[in-house]
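S.K.: Sharing a structure below in structure tokens format, with a few things to ask.
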Amino acid sequence: MRPRPFVNRQRDRIDQTTGLPLLASALADLPKMIRENAAERQLGIISLAIVPDPQLLRQSTDAIHKLRILASRQILATVRPQDRVYTVNQEEWLIIQPNLISSAAPMLAMIRLRDSLMAISGQTGSISHLPRLALGAAIWPDHGDDALFLVQSARIARLLAAQGSPDIRTYQPSMESEGENEHGLLAELRQALSDNHGLALYLQPQVDIVSGRCIGAEALLRWQRSNGEWVAPPRILEAIDRLGERQTFNRWLLHQAPQIQKQLVEQGIDIVLSLNLSANDLLDVELPDMIGQALATWDLPPQKFLLEITETMMIEESWQVMDVLNRLRQLGLRLSIDDFGTGYAGMGYLQRLPVQEVKIDQVFVRQVVDSDKAREIIASVIQLASKLGMTIVAEGVETKETLDELQALGCRFAQGYLFSPALALPDFIIWCKANLTSGK
Ligand code: C2E
Ligand code: CA
Ligand code: CA
């Protein structure tokens, strides 16, 4: 009888250079980690890769081994103790993060990993600098249930991050069909940003339910392509990030918003203008200064603006995020917590955040007439937020019944198609004049 080949399963799943488990282990561990994940928590799968450059490809095997060992150690030192790290191949690692409180967590973990790995550049012996890194993440359950599919999704996000900018991306199904059309969209958007033509901020009124007067407006990004297609704001913002033009966009926004306020004041319309910020903005330490300068240039008081930040961004207890939020507060700007109720922060968290307004998410508002649960959630948000002296705005109000129910629950302010969709500035001015305006 021929001897059966000796197979050491354990050994086959360990990378001999770094001592880390291999991809097969990740695929075996992931279903178990999903099963054991705490209720209401998410799980992140991060693919991290070195994007090779000519200098790296000229290195000896020994130098590459040293680099892989050093990078592996650094990754292990950066992730949380409960996270697991694997190697996929010479240039790629996989990190699984269980029990995450928000879908913003993998993005922040990727930023930390990139920064901490770039810090080892000087220690890599004959390799004088660490080449560019690319990181991509998939999230369970948002992007699927199957272990292989999730790992593939994280790697697809990382592949696209390696091909363009930014170098950190979270998986989106649309990534798999990014092709010619996307290429055209990026080129057109770059043009729109550079010649300041085509992009616009539309205004959606926010109304005092009791008096019926307009007390504020939310500025919402709009862009119509030359082929007539209106591109959804999240897609525009994602494309802006891919172009690496976030700062250009923020400069545009901070030029546009004060100009709009000036024109409203000239028309005798005294309202607060709400602007949306994205997760990356809160990691931009220069943002508060940029906003401060814009206010000074246009000679507008900070009370005229409110910054909307989504709940999932706020609950990340990153000191950088808190620092930016506190500096924005010091400037005198009011902060609003957007999409409240969709994250996992819980009510208690409200007290710890430096915010003055809560926007109840459309998901709950839409169900307030039919669902006891939605009504209960809205009632407790209103109760706590009022106790903390915060303003409460209900978003996505489409019917009179919804408005009546909200009013009965004690909600004072509302925004939604019942009053108006977002309008171009001239139309908004006409709407305001027809609806008698007043200050917040
Ligand atoms: P958001 O901040 O939650 O904005 C509210 C969204 O709900 C807007 O979608 C608005 O048009 C829509 N909406 C308002 N009332 C109703 C209603 O009664 N029914 C329904 N079904 N929808 C309503 P929009 O303009 O497509 O924006 C989508 C998201 O894109 C925004 O969600 C925000 O997260 C982001 N966004 C838009 N403009 C900007 C911007 O200038 N900067 C940043 N960072 N994000 C932006
Ligand atoms: Ca908003
Ligand atoms: Ca919202």
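S.K.: Give the accessible area for Ser420 in Å² (nearest 10); use a 1.4 Å probe, count only protein heavy atoms, and leave out ligands, DNA and RNA.
M.R.: 10 Å²
S.K.: Can you run phi through the Karplus equation (6.51, -1.76, 1.60; θ = phi - 60°) for the stretch 288-300 and list ³J(HN,Hα) in whole Hz, with x for Gly and Pro?
M.R.: x, 5, 4, 5, x, 5, 4, 5, 5, 4, 8, 6, 10
S.K.: Find the percent of Cα-Cα distances in the stretch 316-440 that exceed 19 Å, and round it to a whole number. All intermediate terms of the calculation are to be shown ahead of the outcome.
M.R.: Values: 4192 of 7750 pairs.
Value for the stretch 316-440: 54 percent of Cα pairs lie more than 19 Å apart.
S.K.: Follow-up. I'd like the accessible area for Leu418: 1.4 Å probe, protein heavy atoms, all chains in place, Å² to the nearest 10.
M.R.: Here the residue's solvent-accessible area equals roughly 60 Å².
S.K.: Hey, got the dipole for the stretch 36-138? About the Cα centre, +1 on K and R Cβ, -1 on D and E Cβ, debye to the nearest 20? Walk me through the intermediate numbers first.
M.R.: Details: 10 positive and 8 negative charges, 38 e Å.
Dipole of the stretch 36-138, to the nearest 20 debye: 180 debye.
S.K.: Same structure again: Can you compute the charge dipole magnitude of the chain about its Cα centre, using +1 on each Lys and Arg Cβ and -1 on each Asp and Glu Cβ, nothing else charged? Give it in debye, rounded to the nearest 20. Don't jump to the answer; show the numbers that get you there.
M.R.: Numbers: 43 positive and 52 negative charges, 265 e Å.
Using Cβ point charges on Lys, Arg, Asp and Glu, the chain gives about 1280 debye.
S.K.: For the stretch 30-84, which trypsin sites (Lys or Arg not before Pro) are in a loop by DSSP, counting at most 10 other Cβ atoms within 10 Å? List each step's numbers first, then the result.
M.R.: On the way: sites: Lys32, Arg35, Arg41, Arg58, Lys66, Arg68, Arg73, Arg84; in loops: Arg41, Arg58.
When the trypsin sites (Lys or Arg not before Pro) of the stretch 30-84 are filtered for loop state and at most 10 Cβ neighbours within 10 Å, Arg58 remain.
S.K.: Along the charge dipole of the stretch 11-176, pointing to its positive end and built from +1/-1 on Cβ of Lys, Arg, Asp and Glu, which listed residue (Gly19, Ala161, Val151) has its Cα farthest out?
M.R.: Gly19
S.K.: Right, here's the next one. Can you work out the base-10 log of I(q)/I(0) for the chain at q = 0.10 1/Å, using the Debye formula on its C-alpha atoms alone?
M.R.: -0.81
S.K.: With both partners inside the stretch 180-435, how many of the DSSP beta bridges are antiparallel, as a percent to the nearest 5?
M.R.: Values: 13 of 34 bridges.
Taking every DSSP beta bridge with both residues in the stretch 180-435, the antiparallel ones total about 40 percent.
S.K.: At 222 nm, what value in deg cm²/dmol follows for the chain if DSSP H runs of at least 4 each add -39500 (n - 2.57) and the sum is divided by all its residues, to the nearest 500? Could the numbers behind the result be given before it?
M.R.: Working: 16 runs with 188 residues, N = 440.
My calculation for the chain gives -13000 deg cm²/dmol from helical runs alone.
S.K.: State, in angstrom, two size descriptors of the stretch 171-229 derived from its alpha carbons: Rg to one decimal place and Dmax to the nearest whole number.
M.R.: Values for the stretch 171-229 (Cα only, Rg and Dmax): 17.1, 51 Å.
S.K.: Take every Cα-Cα distance within the stretch 11-176, group them into 10 Å bins from 0 onward, and report for each bin the whole-number percent of pairs it holds.
M.R.: The distribution over the stretch 11-176 is 11, 41, 36, 11, 1, given as percents.
S.K.: Using the Karplus curve 6.51 cos²θ - 1.76 cosθ + 1.60 with θ = phi - 60°, work out ³J(HN,Hα) for each residue of the stretch 27-43 in order, rounded to whole Hz, and write x for Gly and Pro.
M.R.: 5, 7, 6, 4, x, 5, 5, 5, 4, 8, 5, 5, 4, 6, 9, 9, 10
S.K.: In addition: So what's Rg/Rh here for the stretch 24-79, counting alpha carbon atoms and using the Kirkwood radius for Rh?
M.R.: With Rh from the inverse mean 1/r over Cα pairs, Rg/Rh is 1.13.
S.K.: Using the Cα atoms as the points, what is the convex hull volume per residue of the stretch 240-384 in Å³?
M.R.: Working: hull volume 19.4 nm³, N = 145.
Convex hull volume per residue, Cα atoms: 134 Å³.
S.K.: Given DSSP loops and a limit of at most 12 other Cβ atoms within 10 Å, what is the longest stretch of the chain that contains no such chymotrypsin sites (Phe, Trp or Tyr not before Pro)? Walk me through the numbers before you get to the answer.
M.R.: Working: sites that count: Phe6, Tyr417.
The reported range is 7-416.
S.K.: Further, regarding this structure: Which whole-percent values make up P(r) of the stretch 180-435 when all C-alpha to C-alpha distances are grouped in 5 Å steps starting at zero?
M.R.: 1, 6, 13, 16, 18, 18, 15, 9, 4, 1, 0
S.K.: Counting only pairs 8 or more residues apart or on different chains, how many lysine pairs in the chain have their Cα atoms under 28 Å apart?
M.R.: Lysine pairs, 8 or more places apart or on different chains, close enough: 19.
S.K.: Enter the accessible area per residue of the chain (Å², integer; probe 1.4 Å; all protein chains in place). Mind dumping the intermediate values first?
M.R.: On the way: 20680 Å² over 440 residues.
Per-residue accessible area for the chain comes out at 47 Å².
The values are calculated or read from the model by the stated rules, or taken from the named source; none is laboratory data. Computed from a predicted model, the values in this text were never measured in an experiment. Positions of Cβ are generated from backbone atoms using ideal geometry, with glycine treated the same way; all protein chains shown enter the neighbour counts. Surface accessibility is based on the protein's heavy atoms, side chains included, excluding ligands, DNA and RNA. Shrake-Rupley method; radii C 1.70, N 1.55, O 1.52, S 1.80 Å.
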